[in-house]
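The values are calculated or read from the model by the stated rules, or taken from the named source; none is laboratory data. No experiment lies behind these values; they were computed from the predicted model shown. A quick note on method: Cβ atoms are made from the backbone with ideal geometry, for glycine too, and the neighbour counts reach across all protein chains shown. Please note that ligands, DNA and RNA were not included when accessible areas were found on the heavy atoms of the full protein model with its side chains. Shrake-Rupley method; radii C 1.70, N 1.55, O 1.52, S 1.80 Å.
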Amino acid sequence: MRHPTLFVLIEQFVVLKTGADYKCQVVFKKIKALALLAVFFLIATSTTAFGELRAADSARAAKYSESKRGVSMLVMQNGRTIFEHYANGGSPSGRWPIFSGTKSFWGIAALAAVRDGLFKLDDLVSDTISEWKSDPRKSRITIRQLLSQTDGIEGASRLHRPSIRDRNAMAIRLPAVAEPGSAFIYGPSHLQIFSELLRRKLHGRATTAYVESRVLNRLGLSHLNYKKDARGNPLLATGFELTAREWARLGELVLGRGNYHGRQIVPADLLGQAFTGSSANRSYGLTFWLNQQALNGRETDIERLLDLPWQSAQWADVCICKDASADMVVALGSGYQRLFIIPAMNALIVRQGSNARFSDAHFLRLVLGRD
């Protein structure tokens, strides 16, 4: 966990160790004192940042969620269910649309493809989509930029329309409206372009068959909605419908550092790359949202920020909840579908519901016992 106070202690250690005029024995004593202080701090905060989640706190959060048209809530820690609640027509067996939460499953599939040697994250997309080679901007776009939505391609929300015959063909023809890596432009275009890239890398094998064999089946998930077009191309940006317990399996995979119930789906070091932000948006990795700026960041409603034109959205210093751990990552879908994953607490929280005014930060503070 990236805890702010521990960062301060580490910084003090570095200053002491690198100072030109220190005396070894004096520094050793100071370092020892700092280490003891760090241990004391961990013990003192064990009931908050490192402590157990309480069902009573989750119940308060569930009441808030229910009042905002929430249908399900599930809290797990250390592999155990701490709290589970359904309301407003929700049920343990009822599947619910997770909308853009779908993206994160395809992000894991992309990492599986890297593991399988199909490509590297920093490969040029134009090496596979050769139509881009003559374009001065598109020719420089990498696969990593597609997955982080920083490729500069138009977001193109119209790709969601079911009437489109070939989404992949439409996506690769979209214009580049910014320099690669210079802007975060949220939309379905980036993953749809990745869909075409993956299709070509698979040499005829269906991309849906690949995500099923490498990710979904290993998580025990089946019969999902891909929102295919007339050519059979799945819509990667949305479509999946899952129960709260099913969606939690993705969180267990992340908490297991790529391992789910004894099966290593992606290597831990490769999975870690999904949780590194870009210079254009440090709060978004590879299909996952990040809370890594919680220490000094400004809390924001991600969905409201996404409603703005991309040129107007300000992503500098954005965080989801200042009181949640900086290592928290989130699979996020519109209408406040959420899978919060907190490695520092070995915990995950699923929240599903219909669109209503909802605060991620307030909800998390309730679950964490901070509000």
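A few points about this structure:
- Each residue in region 300-319 was checked for being surrounded by 18 or more Cβ atoms within 10 Å (Cβ to Cβ) and in contact with a strand residue (DSSP E or B) (Cβ under 8 Å, 6 or more places away or on another chain), and 5 pass.
- If the condition is being outside any loop (DSSP other than H, G, I, E, B), among the polar types (S, T, N, Q) and out of contact with any Leu (no Cβ under 8 Å at 6 or more places or on another chain), then region 166-203 contributes only N168.
- In region 72-122, the residues that are of a type in the set (V, I, T) and more than 15 Å from A244 (Cα to Cα): I108, V114
- Flag if E179 is closer than 18 Å to A110 by Cβ and open to solvent by 10 Å² or more (accessible area, probe 1.4 Å): no
- Flag for A230 being assigned to a helix (DSSP H, G or I) and farther than 24 Å from R80 by Cα: no
- Filter result for R365 (open to solvent by 30 Å² or more (accessible area, probe 1.4 Å), in contact (Cβ under 8 Å) with a residue 12 or more places away in the chain and either within 19 Å of A61 (Cβ to Cβ) or in a strand (DSSP E or B) (or both)): yes
- Number of the condition not met by W289 [criteria: (1) more than 19 Å from G251 (Cα to Cα); (2) open to solvent by less than 10 Å² (accessible area, probe 1.4 Å)]: (1)
- S100 meets each of the listed conditions (1) within 18 Å of the chain's Cα centre (by Cα); (2) open to solvent by less than 10 Å² (accessible area, probe 1.4 Å) apart from (2).
- Restricted to region 113-127, and to residues there that are part of a helix (DSSP H, G or I) and free of Cβ contacts under 8 Å to residues at least 40 places away in the same chain, the residue that is farthest from A176 (Cα to Cα) is D127.
- Helices (runs of 4 or more DSSP H) wholly inside region 242-348 that include at least 3 residues being touching a residue at least 24 places away in the same chain (Cβ under 8 Å): 244-255, 302-306
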